[in-house]
Amino acid sequence: MIDAIEVASGKFIIKIPRGLLYSQHDTWVREASPAVIGITDYFQLLLGDILYVNLPEEGCEINTAEEIGELESVKAVMGIYSPISGRVVEVNSRIKDEPELLNQNPYGEGWLLKVEPRNFEADTANLMNAEEYAKLVEFKIREEQKRIEKQKSIKK
C-alpha cells in the first residue's frame with residue numbers, strides 16, 4: 001500500500017502518492033539516479049483508455065515544461081510536458097506495446113522515462129508536493145464541473 005492522498009471526483013478516486021514531485025501539467029518526477037518521470041492518476045483518468053504513446057528516444061535532451069511526447073486515447077490526443085530537464089537515458093519500452101499500463105499503474109509499471117537531470121534542484125523548485133498537487137487537482141475538478149454545468153445550461 002503506497003502512502004497517498006486521495007481526491008474524489010464523481011465515481012473516481014484519484015491517488016496522489018507522497019514522495020513524488022508534481023508539475024502543473026499533471027506529470028510527476030521521482031528523485032533517483034536517474035530520475036523517473038510519469039503521468040499522474042488524474043491525467044490518465046482525464047484521458048480515459050490510452051491507446052498510443054509517443055515519447056522521445058534515448059539520448060534526447062528534454063527541457064522543463066516543454067512537450068516531450070503525446071498520449072492518444074479514445075477521447076483525445078494530449079501532450080506530455082516534462083517536469084525536469086536533462087538527457088533521456090531510458091524509455092519504458094513496455095508502454096509502447098502495453099499503453100494500458102498508464103491507466104492501470106501510472107506510478108509504477110506505467111512510468112514513462114528515466115532522465116539524467118541537468119539541474120534537478122533548480123528544476124524542482126517550482127514543482128509541487130503531493131498536498132499542493134492535491135489542491136490543484138481539486139481546483140481543476142471544480143473548474144471542469146463548472147464548465148459542464150455551463151454547457152448544460154446553454155443547451156436548455
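The values are calculated or read from the model by the stated rules, or taken from the named source; none is laboratory data. Since the structure is predicted, the reported quantities are computational estimates derived from the model, not experimental observations. Don't worry about glycine lacking a Cβ; one is built from the backbone with ideal geometry, like all the others, and counts go over all protein chains shown.
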task: Would you check if T64 is hydroxyl-bearing (S, T, Y), touching a residue at least 12 places away in the same chain (Cβ under 8 Å), farther than 21 Å from A8 by Cα and touching a helix residue (DSSP H, G or I) at 6+ places or on another chain (Cβ under 6 Å)?
output: yes
message: Can you list residue pairs whose Cβ atoms sit under 8 Å apart, with the first residue in segment 127-156 being under 25 Å from R30 (Cα atoms) and touching a residue at least 40 places away in the same chain (Cβ under 8 Å) and the second being in a helix (DSSP H, G or I) and not β-branched (V, I, T)? Count only pairs 6 or more apart in sequence or on different chains.
response: M128/L136; V137/Y42; K140/Y42
task: Please go through segment 126-139 and pick out each residue that is within 17 Å of Y81 (Cα to Cα) and either under 15 Å from the mean Cα position of the chain (by Cα) or buried (at least 18 other Cβ atoms within 10 Å of the Cβ) (or both).
output: L127, M128, Y133, L136, V137
task: Output the qualifying pairs, or none if there are none: Cβ atoms under 6 angstrom, residues six or more apart or on different chains, first residue in segment 18-29 and farther than 17 Å from I141 by Cα, second residue at pLDDT below 95.
output: R18/D3; L21/T124
task: Specify the residue that is nearest to the chain's Cα centre (by Cα); the eligible residues are those in segment 20-59 that are at pLDDT 95 or above and among the small types (G, A, S).
output: G38
- request: Output yes when any residue across segment 62-71 is modelled with pLDDT of 95 or more and farther than 23 Å from M128 by Cα, and no when none is.
  value: no
query: Restricting the search to segment 105-126, which residues are touching a helix residue (DSSP H, G or I) at 6+ places or on another chain (Cβ under 9 Å) and without any contact (Cβ under 8 Å) to a residue 24 or more places away in the chain?
result: G108, E109
